[in-house]
Each structure stands twice: as C-alpha cells, then as structure tokens.
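Rule-based calculations on the coordinates, nothing more; no lab input. Everything quoted here is computed from the prediction, not taken from an experiment. Cβ placement follows ideal geometry from the backbone for every residue including glycine, while neighbour counts extend to all protein chains displayed.
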Amino acid sequence: MAFDVNKFLQTSFKHRTEAVPVPDMKDFFEEGSKPEWVVRSLTGQEIGRCAEAATKRESVNVLISGLMSTMTKEAVEAAKDLIGIGTDTPQDIAKRIEHLVVGSVDPVCPLDLAVKVCETFPIEFYQITNKIMELSGKGQVPGKSTPSGRTQKSEQASPSDTPEGDSSTN
C-alpha cells in the first residue's frame, strides 16, 4: 500500500481538541458550568518553540536581572519567579508552561495564568499539558475547516433594473 502524497498535500487539517476535567478548580468556573479546560493539539513548529522555552527564559532571566539591578536580590528573584523564569524553574516545567499557553483554547491562557496554575494546581497542570501532548502526538484531523459564514448566491442585475441615468455610457 503506497502513501498517496497528492491526497495528503491537498487535504485540509484542523487541530484536535478535547476538554480536560479539572474538578478541583471548580471554584474558578462560572456557577453551573463544567470545570473543564479545553485544549488543542500543537503543530510541529509550536512544539519546537516550546522546547526552546527554557533556553529563551534563561536569556530573559539575565536581561531582567540587569534591568532590575537597582532592586534587592529578593525582589528580583520574586519578580522572576512570578513570570516563571526563576532559577528554580526546571526545563520541563518551562516547556510545559509554554505548552499550556499555546495549547489552551478555553480559557485562553496567558503566561501569568500558566505559571499560577503550575504553582497552585500542579496535578491539573500536568494533566492538562499531558493531554496537549497526547493530542499533538495523534496528529491533526483531516477535514475541511469550518466556513466563517454562508455566502448567498448573487444574481446578475437585469438591464431593466438599471436606472437610465446611472449608466456611465450616457
């Protein structure tokens, strides 16, 4: 059985998505809604950028240290830890923080939220980021992307519908 290159190249794909139950975080969801964190698969490019996150954070760490040199060492370290670039942040955690930022659909997850989820709900943090990588490992789903809206068929105006004074040939 041969791989159909043309079919593959002509196929549209969309991200896999899934809701991850986070019942212990229920206090932070609207009343009556399911405590679920919706995530999506990552592309190869996104996985690569996440893998480089630890290296980039190290560079930012040095930059912030320089910019905050007038502050006390404790204040600088507290600020770095707050944004997830402290010296105690393992590379795996830095990578997973990026997975959470990039792969979160609902809620959208900026960096400060990802760091706080990691710090305060570590089991959920791992469950969510594991699901993102599981979905990514399965690849995207073949299928057409959802259209943005229905286009109505337009009809050509008949010559009798055109007012005589509007013609550019008059």
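Check which residues have an amide H placed less than 5 Å from Val22's amide H, if you skip close sequence neighbours.
Residues meeting the criterion, in which the H sits 1.01 Å from N, are Glu36, Trp37.
Would you mind computing, in nm to one decimal, how far apart the modelled labels at Ala2 and Lys116 are, each placed 7 Å from Cα along Cα→Cβ?
According to this spin-label approximation, the distance is 5.7 nm.
At a 10 angstrom cut-off on C-beta neighbours, averaged per residue, how do the peptides 25-34, 100-109 rank from highest to lowest?
Details: 25-34: 9.8, 100-109: 17.6.
My ranking of the peptides, most packed first, is 100-109, 25-34.
How high is the FRET efficiency from Glu52 to Glu74, r the C-beta distance, R0 35 Å, rounded to 0.05?
On the way: r = 29 Å, r/R0 = 0.83.
Computed FRET efficiency for Glu52 and Glu74: 0.75.
Looking only at the range 117-132, which residues have a backbone nitrogen under 20 Å from a spot 7 Å from the Cα of Lys14 in the C-beta direction?
The answer is 132, whose backbone nitrogens lie closer than 20 Å to the label point.
Just subtract the alpha-carbon distance of Val141 and Lys34 from 0.36 nm times their residue separation and send over the number in nm, one decimal. Walk me through the numbers before you get to the answer.
Numbers: separation 107, 0.36 × 107 = 38.52 nm, distance 2.53 nm.
Length gained between Val141 and Lys34: 36.0 nm.
State the Cα centre-to-centre distance between the range 127-144 and the range 5-33 in whole Å.
Taking the Cα centre of the range 5-33 as reference, the centre of the range 127-144 is 8 Å away.
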